[in-house]
Amino acid sequence: MSDLSFSMDDLVSLCKRRGFISPASEIYGGLNGFWDYGPLGTELKNNLRDAWWHDMVRCPPTGPDSEPLSIVGLDSSIIQNPRTWEASGHVGGFNDPMVDCRETKSRYRADHLFCLGVKGDTSGQIYAYLENDDESLASARKKLGKYVKRDLADEELDTCPLTDLSPEELAITVGPDTKTVGTLTEPRQFNLMFKTFVGAVQDEDSAAYLRPETAQGIFLNFGNVVDTMRVKVPFGIAQVGKAFRNEVTPRNFIFRSREFEQMEIEWFCHGDDAAQWFEFWCDVRKSWWESLGLTSDNVMMRKHDSDELAHYAKDGCGTFDVEYRFPFTAPGYGELEGVAHRGDYDLRRHEEFSKKKLQYFDQARNERYLPHVIEPSAGLSRGTLAILCEAYTPDPERASKVYMAFSPRLAPIKAAVFPLVNKDGMPEMAMKLHEDLRRRWPVQYDAKQSIGKRYARMDEAGCPWCFTIDSDSLTDQTVTIRHRDSLEQERIGIDAVEGWLAQRL
């Protein structure tokens, strides 16, 4: 089991220092909820995306009937006809309860705020704090202790969700970022979609939205795919792309942001077979994340409670989440991917709103019907964060004090080539090896500073292997391989390096 007790601040610092992830438009002070992926972060995210596309689309798993699945790809537009979002239910129902602080102008999701008070005391002040935020909880507890003028034991404290407070209790509540009582507004609904305009005139007739999910583009193209690809139910349509949600409180690094990427499959099947396919996809998706290095102790499946279900969730199956134990949720878990039984909700709604027939004629069953949909919907951004968290490995014995234990499949740099010193023909030999290897993989050449510092840089970048050319290499044509995780070293012939790497990648 990976040790996730490290500080997220340490991981965020490493991500910025080594070119994984940094705040967007940072030279202007950034913009809350938006992030830029640097050179290593781009490679890591793309490797995760490509692994998903290979394993789910190009070489999909075998189904419960022992037949390979049929899944095709799609890349739909970020902006769709606004009627799309009326049909999908997002215009009327894609809302979160929002709370504002009148003093600090901060905005919070009401369901992310909890309150702290003294048990049995109905007249004293109440202090709000952010869920799963240890610093916010500690601040609320400190302010409460200062208010009652004594240290409070755990058993004296009473906690509850802010949404459980009465208007009278809300009036005596102190917000997370203020010392003033009664500054929090009552929760009100807030639509999460980003609104924009199409064309030269900005009015309601030209209003449109950035997509809040990639799924609807798949449903809109269901008929096109059936007509052009000659697919037969059951089959899937997969898509990777950006989505946008005007989150009230973006937080926890890239876990909850306003611009993010999704990897989604809509699996179309007959309603009678939906339960079987739902169970199949739950097992496949959990196992896939574990195959990339997320340890089974940090990954779990959780069924949504009835009050969590989305408007499209089908009674009887509902939704399971693949959850990961992030450092900021530990010992609890946070959502990594959802597997939902959407029923025929989406195709039925789009058929109703567009007046276009979307029913599928099943020759084998001699039946015309709207397929049911099983949706494995993974967060590419959250997946990248989970991979970063799992890989982050403190090691005080190293010069870098930490290394990133990426699986070789996901590592942004597959190998590094070093000359031990910059003389005596070593740089030329090392550059030749580097040129040979980079034709197939992302391989880095580094000749600056001491060999120890070069190893440290590669450790923090998560590079699995370093190949060093030394004085012996010039005479016996061998190189030293240094293994990132074990720190073991071995020597092999320089002409065997490419085959050695290919076998492990």
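Mind listing whichever residues of the stretch 82-110 are surrounded by fewer than 16 Cβ atoms within 10 Å (Cβ to Cβ), in contact with a Ser or Thr (Cβ under 9 Å, 6 or more places away or on another chain) and under 30 Å from PHE353 (Cβ atoms)?
ARG83
If the requirement is being among the acidic types (Asp, Glu) and in contact with a Lys or Arg (Cβ under 6 Å, 6 or more places away or on another chain), which of these qualifies: ASP395, ASP446, ASP424?
It is ASP446.
Sort through ALA391, ALA399, ALA405 and tell me the only one that's among the small types (Gly, Ala, Ser) and over 30 Å from ARG251 (Cα atoms). Can you show your working first?
Details: ALA391 fails: over 30 Å from ARG251 (Cα atoms); ALA405 fails: over 30 Å from ARG251 (Cα atoms).
Matching residue, one of ALA391, ALA399, ALA405: ALA399.
Taking the stretch 147-173 as the region of interest, how many residues are surrounded by 15 or more Cβ atoms within 10 Å (Cβ to Cβ), of a type outside the set (Ser, Thr, Tyr) and under 17 Å from ARG109 (Cα atoms)?
Within the stretch 147-173, residues that are surrounded by 15 or more Cβ atoms within 10 Å (Cβ to Cβ), of a type outside the set (Ser, Thr, Tyr) and under 17 Å from ARG109 (Cα atoms) number 3.
Look at ALA415 and say whether it is surrounded by 22 or more Cβ atoms within 10 Å (Cβ to Cβ), among the aliphatic types (A, V, I, L, M) and more than 23 Å from GLU213 (Cα to Cα).
Yes, satisfied.
To keep it simple, each residue is scored yes or no on (1) modelled with pLDDT of 95 or more; (2) among the aliphatic types (A, V, I, L, M); (3) assigned by TED's automatic domain parsing to the domain that holds ASN47; (4) assigned to a loop (DSSP other than H, G, I, E, B).
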| site | (1), (2), (3), (4) |
| --- | --- |
| THR196 | no, no, no, no |
| GLN216 | yes, no, yes, no |
| PHE219 | yes, no, yes, no |
| VAL225 | yes, yes, yes, no |
| GLY236 | yes, no, yes, no |
| GLN239 | yes, no, yes, no |
| GLU247 | no, no, yes, yes |
| MET263 | yes, yes, yes, no |
| LYS286 | no, no, yes, no |
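Being of a type in the set (S, T, N, Q), free of Cβ contacts under 8 Å to residues at least 40 places away in the same chain and closer than 28 Å to LEU292 by Cβ narrows it down to one residue among GLN449, GLN444, GLN477; which is it?
Values: GLN449 fails: closer than 28 Å to LEU292 by Cβ; GLN477 fails: closer than 28 Å to LEU292 by Cβ.
Just one listed residue meets the conditions, GLN444.
Do any residues in the stretch 222-236 that are over 18 Å from ARG348 (Cα atoms) have Cβ atoms under 8 Å from those of residues that are part of a helix (DSSP H, G or I) and of a type outside the set (D, E, K, R), where the two are at least six apart or on different chains, and which pairs are they?
VAL231/VAL225
Would you mind stating whether SER77 is assigned by TED's automatic domain parsing to the domain that holds VAL248, exposed (fewer than 13 other Cβ atoms within 10 Å of the Cβ) and touching a Gly at 6+ places or on another chain (Cβ under 9 Å)? Full working, then the answer.
Working: assigned by TED's automatic domain parsing to the domain that holds VAL248: yes; exposed (fewer than 13 other Cβ atoms within 10 Å of the Cβ): yes; touching a Gly at 6+ places or on another chain (Cβ under 9 Å): yes.
Yes, satisfied.
Can you confirm whether GLY182 is small (Gly, Ala, Ser) and either touching a residue at least 24 places away in the same chain (Cβ under 8 Å) or closer than 19 Å to PRO250 by Cα (or both)?
Considered against the rule, which asks whether it is small (Gly, Ala, Ser) and either touching a residue at least 24 places away in the same chain (Cβ under 8 Å) or closer than 19 Å to PRO250 by Cα (or both), GLY182 comes out as no.
Quick one: what pairs do we get from the stretch 80-93, first residue modelled with pLDDT of 90 or more, second charged (D, E, K, R) and not in a helix (DSSP H, G or I), C-beta under 7 Å, 6+ apart or different chains?
As it stands, the answer is GLN80/ARG211, since those pairs meet every condition given.
Among the residues of the stretch 436-473 satisfying the criterion of being more than 22 Å from SER400 (Cα to Cα), out of contact with any Pro (no Cβ under 9 Å at 6 or more places or on another chain) and not hydroxyl-bearing (Ser, Thr, Tyr), which is surrounded by the fewest Cβ atoms within 10 Å (Cβ to Cβ)?
The selected residue is ARG439.
Okay, residues lined up against (1) among the charged types (D, E, K, R); (2) more than 19 Å from LEU192 (Cα to Cα):
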{"site": "ASP227", "(1), (2)": "yes, yes"}
{"site": "GLN239", "(1), (2)": "no, yes"}
{"site": "PHE260", "(1), (2)": "no, no"}
{"site": "ASP273", "(1), (2)": "yes, yes"}
{"site": "THR295", "(1), (2)": "no, yes"}
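The values are calculated or read from the model by the stated rules, or taken from the named source; none is laboratory data. From a predicted model like this one, the values you see are computed outputs, not experimental measurements. Every residue, glycine as well, gets a Cβ built from its backbone with ideal geometry; the counts of neighbours run over all protein chains shown.
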